[in-house]
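Since the structure comes first, as structure tokens, the remarks are kept for the end.
The values are calculated or read from the model by the stated rules, or taken from the named source; none is laboratory data. As the structure is a prediction and not an experimental result, all values here were calculated from the model. Reconstructed Cβ throughout: ideal geometry from the backbone, glycine too, with neighbour counts over all protein chains shown.
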Amino acid sequence: MIRKALSIAFVAPALAVGALVISAGPAFAHEVSFTANLSGSNEVPALDAGMTGKATVTVNDEARQVCTTITSNVVGATAMHIHRGAAGTNGPIVVPLDPKTINGANACVSATADVAKAIQANPAGFYVNIHTAPAPGGAVRGQLTAATPSGANGGSGGQAGTTPGTSVLFVALVVAGAGLVGASGWRLVRR
């Protein structure tokens with residue numbers, strides 16, 4: 001009888017954890033948000049034309065999609081991209097963006113899973129820039145940084161800075177721990 005009770009006490013939490021993990025598909029979403037403050041002084045070489053902007057970038061490695069909302073006072077944009085490159089260095093284009101979407105609604109483009117995962121893993125190694133005819137190398141630029149979660153410092157939302165599934169893992173550990181505590185309590189009651 002005690003052996004059966006102990007088996008149930010250990011199996012039930014394990015089944016609950018499994019059900020929680022399986023049913024929590026959206027918690028494992030692979031979507032992470034970033035921001036970039038765009039400025040001519042961030043360009044390489046630096047420009048000081050008073051042009052600025054802000055980019056919000058959401059990367060989903062599972063959907064292989066990059067969505068952006070970009071505002072800027074740049075006039076006459078000819079191109080816009082996400083490049084691979086640390087601050088102070090220029091790098092290759094990894095995600096082409098439509099310059100017509102500046103100061104418009106959210107726009108999404110396809111990206112390879114490898115590029116999406118690389119941006120998520122090291123956002124500081126990527127930057128957004130806007131090109132113009134007078135500044136073909138880039139008029140404004142901003143390195144990607146983790147977005148501040150909504151409600152913290154007036155942030156823009158997003159879940160950067162958290163590993164996908166972290167909260168589910170925490171809940172799973174709590175459930176498993178509760179099962180172990182319940183099993184111990186059951187043993188005390190049976191004595």
On the basis of being in a loop (DSSP other than H, G, I, E, B) and crowded, with 20+ Cβ neighbours inside 10 Å, does VAL74 make the cut? yes
Hey, can you tell me all the residues within segment 77-95 that are over 10 Å from ILE130 (Cα atoms) and either of a type outside the set (Ser, Thr, Tyr) or not in a loop (DSSP other than H, G, I, E, B) (or both)? HIS83, ARG84, GLY85, ALA86, ALA87, GLY88, ASN90, GLY91, PRO92, ILE93, VAL94, VAL95
Among (1) surrounded by 15 or more Cβ atoms within 10 Å (Cβ to Cβ); (2) in contact with a His (Cβ under 8 Å, 6 or more places away or on another chain); (3) at pLDDT below 95; (4) closer than 19 Å to LEU97 by Cβ, ALA135 falls short only on (2)
Within segment 78-92, the residues that are surrounded by 13 or more Cβ atoms within 10 Å (Cβ to Cβ) and touching a Lys or Arg at 6+ places or on another chain (Cβ under 8 Å) are GLY91
Can you report the number of residues in segment 95-150 which are farther than 21 Å from GLY50 by Cα and in contact with an Asp or Glu (Cβ under 7 Å, 6 or more places away or on another chain)? 5
Name the residues in segment 93-129 that are under 19 Å from GLY40 (Cα atoms), surrounded by fewer than 21 Cβ atoms within 10 Å (Cβ to Cβ) and in contact with a Gly (Cβ under 8 Å, 6 or more places away or on another chain), would you? GLY125
